[in-house]
Amino acid sequence: MIQVSGLTKTFTDKKRGTFRAVDGVSFEVREGEIFGLLGPNGAGKTTTLRMLATVIRPTSGAAAVGGVDICGDPGGVRRQIGFLSSDMGLYHRLTPRETLTFFARLNNVPGGEVKRRVSAAIETLGIEKFADTQVDKLSTGMRQKVAIARTLVHDPPVLILDEPAAGLDLPTARVIEEFILKAKRSGKCIVLSTHVMEEAEYLCDRIAVIHDGKLKITGTMAQLREATGRSRLREVFLTLLGMESLERGTGADV
């Protein structure tokens with residue numbers, strides 16, 4: 001469903017000069033798979049996701065979603081994806097129901113289908129109790145549920161999720177994890193960026209670690225363990241970044 005080859009993005013900044021935020025990244029994601037993209041702040045995760053979602057254009061390289069080129073037909077890519085960015089981008093004066101109705105129509109859901117799709121998204125994310133409350137009166141967790149519901153209301157085959165459970169309490173994070181697993185079982189292709197190692201280890205079929213714009217490794221947890229000699233994902237991650245474990249100063253897994 002997603003094919004990425006040599007994807008590169010260069011920026012120019014007054015302080016840093018010209019630098020590569022993403023440097024020759026290549027990977028693929030299959031239908032019915034959760035693909036985790038992990039890395040420290042500034043590693044290039046969000047830039048990669050934004051290029052896949054056609055928010056920004058790559059400097060070089062290529063990528064396709066469902067066989068559609070991200071530069072050649074960005075509109076065709078957008079019709080296939082649900083993109084959750086780190087900025088929820090909700091309209092605070094609308095209710096969740098109004099928000100989902102608006103985005104369903106924006107994504108060309110047939111008129112006779114809009115109400116059913118909106119109701120299904122509300123039920124899936126468990127937002128019935130506040131579906132008719134203005135967004136600006138909702139908690140962070142409630143807003144995040146609405147933002148995720150917005151990504152799926154048009155039933156796209158591909159979900160691109162940037163930190164879907166960031167800053168959420170455990171019960172809310174659990175609801176979102178269950179949604180992601182349900183989406184996988186329905187055959188959706190999912191790219192997930194997260195800083196929560198336990199979340200990635202629990203959800204992802206394969207994981208890629210990106211650092212300084214470059215992919216360090218891609219594989220299943222078993223392959224990552226074999227490559228690093230570590231058992232827990234947090235220790236695998238730190239090893240790939242060249243950081244020793246702080247546990248007793250020995251470098252052993254916790």
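No value in this document is a laboratory result; all are computed from the given coordinates. Keep in mind the model is a prediction, meaning the values are calculated, not measured. Cβ: placed from backbone, ideal geometry, glycine included. Neighbour counts: every protein chain shown.
For the chain, the fraction of C-alpha pairs more than 32 angstrom apart is 24%. Segment 183-237 and segment 128-168 have Cα centres lying 24 Å from one another. Computed 3J(HN,Hα) for segment 102-113, one whole-Hz value per residue from the Karplus formula 6.51 cos²θ - 1.76 cosθ + 1.60 where θ = phi - 60°, is 4, 6, 5, 5, 4, 9, 6, 5, x, x, x, 9, glycine and proline marked x.
Based on DSSP H runs of at least 4 residues, each adding -39500 (n - 2.57), what is the mean residue ellipticity at 222 nm of the chain after dividing by all its residues, to the nearest 500 deg cm²/dmol?
Mean residue ellipticity, 222 nm, calculated: -10500 deg cm²/dmol.
To the nearest ten degrees, helix 170-185 and the longest principal axis of the Cα atoms of the chain are 90 degrees apart. Lys and Arg at +1, Asp and Glu at -1: add these up for the other residues within a Cβ distance under 9 Å of D23 and post the number. Net of charged neighbours comes to +2. For I207, the amide hydrogen comes within under 5 Å of the amide hydrogens of G36, G219, T220, counting only partners 5 or more places away or on other chains and with H modelled in the peptide plane.
When the chain is described by a simple charge dipole with +1 on each Lys and Arg Cβ and -1 on each Asp and Glu Cβ, the residue from S5, A104, S86 located farthest towards its positive end is A104.
Counting residues in segment 1-147 as N, plug N into 2.2 N^0.38 Å and put the Cα Rg over that result. It would help to have the intermediate numbers written out before the result.
Working: Rg = 17.8 Å, N = 147, 2.2 N^0.38 = 14.7 Å.
In units of the 2.2 N^0.38 Å rule of thumb, it is 1.21.
Compared with the dominant principal axis of the Cα atoms in the chain, helix 140-152 is inclined by about 80°.
Can you bin segment 88-156 into rounded, prolate or oblate? Criterion: square roots of the alpha carbon gyration tensor eigenvalues sorted a ≥ b ≥ c, rounded for a/c under 1.5, prolate for a/b above b/c, oblate for the rest.
Numbers: a/c = 1.78, a/b = 1.60, b/c = 1.12.
Prolate shape, in that a/c is at least 1.5 and a/b is the bigger ratio.
Between N107 and T18, the simple label model (points 7 Å from Cα in the Cβ direction) yields a spacing of 3.8 nm. Annotation for E177 and S86: the two label points, set 7 Å from Cα along the Cα-Cβ direction, are 2.3 nm apart.
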